[in-house]
Amino acid sequence: MARVSQEHLDARRRQILEGAVLCFARNGFHATSMQDVLKEAGLSAGAVYRYFSSKDELIAAVVGEVLDVLTETYEGAAVETPPPLPDVLVSRALERLKEIRPGVLDNGDWVFPRLLIQVWTEILRNEDLGDVVHTGYERIRVAWQRVVESYKTARLIPEDADADAMARVMIALAQGFAAQLAVFGEVPMDSLRDGLRALMSMRYPR
């Protein structure tokens, strides 16, 4: 029997996740069945269950991947010299997510914002998913704290700036923008960058 390469296994897993993401974004977690995922991915039940034993595992995998990408993006920014400013970094994170989750629905809506809204509601009833999200949030918060510390090193902000408070605000900003995309449709990324840059430029008159 021919040995299946890791590249093939990774590609098949990606195929399943992409099919699941489209189903979840289109119909929601609860209205999506594993049969829907099989049909969307164009695979047999055996092929899918080899990777994921349940719909909950699929949901956790999708969410975990997003959290990993965000953490890696912010951790990478923390070691850049000079560090990217928030208007650049938040936009970069969302653009990176669009690279790994480029799928759109028939009406052109990007899948990720719709998934984000569903995850927020799902963790209120699904403790296992809640644990995944809480763990991921903590990793992202710590990564953002490192970014803030790099701002201090570069003398971009005061030494006594509250790194944790800034981290929470930056995370909330990205979440809020994604929520707008989900509820109101496509919003140009330039709006996020320009609006944040304008807020950062505010000064009291002398």
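The values are calculated or read from the model by the stated rules, or taken from the named source; none is laboratory data. Remember, predicted model here, so these are calculated numbers, not experimental data. For neighbour counting, all protein chains shown are included, and Cβ atoms are generated from backbone atoms with ideal geometry for every residue, glycine included. Areas reflect the complete protein model, heavy atoms only, side chains present, ligands, DNA and RNA absent. Shrake-Rupley method; radii C 1.70, N 1.55, O 1.52, S 1.80 Å.
Side notes on the structure shown:
- Restricted to the stretch 102-148, and to residues there that are among the aromatic types (Phe, Trp, Tyr) and in contact (Cβ under 8 Å) with a residue 12 or more places away in the chain, the residue that is surrounded by the fewest Cβ atoms within 10 Å (Cβ to Cβ) is Tyr137.
- Applying the condition of being touching a Lys or Arg at 6+ places or on another chain (Cβ under 8 Å) and hydrophobic (A, V, I, L, M, F, W, C) to the stretch 44-66 and asking which residue is modelled with the highest pLDDT yields Val66.
- Every residue from the stretch 154-179 that is without any contact (Cβ under 8 Å) to a residue 12 or more places away in the chain and not acidic (Asp, Glu): Arg155, Ile157, Pro158, Ala165, Val169, Ala172, Gly176
- Per the listing Gly76, Gly28, the residue uniquely in contact (Cβ under 8 Å) with a residue 24 or more places away in the chain and open to solvent by less than 40 Å² (accessible area, probe 1.4 Å) is Gly28.
- Just one residue in the set Ala165, Ala143 is under 15 Å from the mean Cα position of the chain (by Cα) and over 26 Å from Val183 (Cα atoms); that residue is Ala143.
- Pick from the stretch 1-25, criterion in contact (Cβ under 8 Å) with a residue 24 or more places away in the chain and more than 21 Å from Ala182 (Cβ to Cβ), ranking: most open to solvent (accessible area, probe 1.4 Å): Arg13
- Index of the failed condition, Thr71 passing every other in (1) under 23 Å from Leu105 (Cβ atoms); (2) part of a helix (DSSP H, G or I); (3) at pLDDT 95 or above: (1)
- Restricting attention to the stretch 181-193, the residues that are open to solvent by 80 Å² or more (accessible area, probe 1.4 Å) and touching a residue at least 12 places away in the same chain (Cβ under 8 Å) add up to 2.
- Unique residue being surrounded by fewer than 17 Cβ atoms within 10 Å (Cβ to Cβ), modelled with pLDDT under 95 and in a helix (DSSP H, G or I) when the list is Lys152, Lys98: Lys98
- Test: Val88 is open to solvent by 20 Å² or more (accessible area, probe 1.4 Å) and either of a type in the set (Asp, Glu) or touching a strand residue (DSSP E or B) at 6+ places or on another chain (Cβ under 9 Å) (or both): no
- Enumeration of residues in the stretch 31-40 that are part of a helix (DSSP H, G or I) and open to solvent by less than 10 Å² (accessible area, probe 1.4 Å): Val37
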